[in-house]
Amino acid sequence: MGLTLGEGGTPLLPAPRLSERLGCEVWLKWEGANPTGSFKDRGMALAVGRAAGRGAPGVVCASTGNTAASAAAYAARAGLPAVIVVPAGAVARGKLVQVLAAGAELREIDGTFEDAHALARRLAGDEGWVNVNSINPDRIEGQASAAAEIVQQLGGPPDVLALPYGGGGNTCAYLRGFDDAGRGRPRILSVQSAERATTAGSAIRIVAPVHRDRVEAAAEIVTVTDAELLEWWSAIPRLEGLLCEPASAAGVAGVAQVRPGGRVVCVLTGHGLKDPDAVERL
Ligand code: F0G
């Protein structure tokens, strides 16, 4: 068996109260149910598993928090060291706990996610260490499994898929997954923050998305303010019982703005327990 912590196979739940509010048939793909609490586990299982299989001495990544938590857990599982580079003071507490608990080396830098990413890429050049950010194609391949699951769970692709847009790796993964499933692509709403540099959705605090060209070519970009993001982040648990982290509400906030109609899957990318300080914004 390849490297696994039991990722994937997450629930796709009908959301009747959100549907009523948003004038469409809403389904929620609950990625908070993954082992470390985010969709990153799908791609990390493959990327770290393949790095270990090739005899890499370790893995390295930059992160706003979830990639970090996932890389640390899968590296521990594979028996490899992990070096995690994050912008100091910008990562939610639960995610830092996950990194430290798994014994990864945490490097907090004074700078942005982009600075962290540049450093992680440089470190990966050393002695065969493997970068496990989404520029690693194994990450995208692994994350594509979510699209195949949705097609199977609904008996076909939805009319619309709405998801948060940070660096854009997950949008690329869904594009690939729907193409591979061979039943056609839904309309894809990639929902970004209007306040990329400062958003309360710390997971998507990314100013220069690395996959921008592909996302802009193949998906529709929707831009939401933090007020919209937080309004829907607090509505989702009240209406449907699922507490996601603030960034993860972007898909629902985008659907509220666009009102696309039809059968709509919103991806809730990460668990709310990762970001306990966000409670002040409820
Ligand atoms: N939702 C969550 C919970 C995330 O952690 C991220 C990205 C996204 C959405 C956006 O996905 O970048 O593929 O468009 N988190 C990365 C990280 C940047 O380091 O954990 P994307």
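Read the figures in this text as sums done on the coordinates, not as results from a lab. It should be emphasised that the depicted structure is a prediction, and the values quoted were computed from it without experimental measurement. We place every Cβ from the backbone using ideal geometry, glycine too, and count neighbours over all the protein chains shown.
So that you can scan it fast, the table gives a plain yes or no per residue for (1) surrounded by fewer than 16 Cβ atoms within 10 Å (Cβ to Cβ); (2) closer than 25 Å to R77 by Cβ; (3) touching a residue at least 60 places away in the same chain (Cβ under 8 Å):
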site: A102; (1), (2), (3): no, yes, no
site: D110; (1), (2), (3): yes, no, no
site: N131; (1), (2), (3): no, yes, yes
site: S134; (1), (2), (3): no, yes, yes
site: P137; (1), (2), (3): yes, yes, no
site: A162; (1), (2), (3): no, no, yes
site: Y165; (1), (2), (3): no, no, yes
site: L175; (1), (2), (3): no, no, no
site: F178; (1), (2), (3): no, no, no
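Looking only at residues in segment 251-270 that are part of a helix (DSSP H, G or I) and not β-branched (V, I, T), the one that is surrounded by the fewest Cβ atoms within 10 Å (Cβ to Cβ) is Q257. Does R122 count as away from the ligand (no atom under 16 Å from the Cβ) and either touching a helix residue (DSSP H, G or I) at 6+ places or on another chain (Cβ under 6 Å) or in a helix (DSSP H, G or I) (or both)? Yes, satisfied. A single member of I206, I221 is in a strand (DSSP E or B) and within 13 Å of the ligand (Cβ to nearest atom), and it is I221.
Scanning segment 41-55 for residues that are closer than 30 Å to L12 by Cβ and either out of contact with any Gly (no Cβ under 9 Å at 6 or more places or on another chain) or without any contact (Cβ under 8 Å) to a residue 40 or more places away in the chain (or both) yields a count of 2.
At least 3 residues being under 20 Å from V264 (Cα atoms) is the threshold, and among the strands (runs of 3 or more DSSP E) wholly inside segment 4-84 those reaching it are 12-14, 25-30. Yes or no: segment 154-161 includes at least one residue that is within 16 Å of the ligand (Cβ to nearest atom) and not hydroxyl-bearing (S, T, Y). Yes, because at least one residue in segment 154-161 is within 16 Å of the ligand (Cβ to nearest atom) and not hydroxyl-bearing (S, T, Y).
Among the residues of segment 56-72, those that are among the small types (G, A, S) and either within 13 Å of the ligand (Cβ to nearest atom) or free of Cβ contacts under 8 Å to residues at least 12 places away in the same chain (or both) comprise A62, S63, G65, A68, A69, S70, A71, A72.
The residues on offer are L189, L273, L239, and the sole one that is within 15 Å of the ligand (Cβ to nearest atom) and not in a strand (DSSP E or B) is L273.
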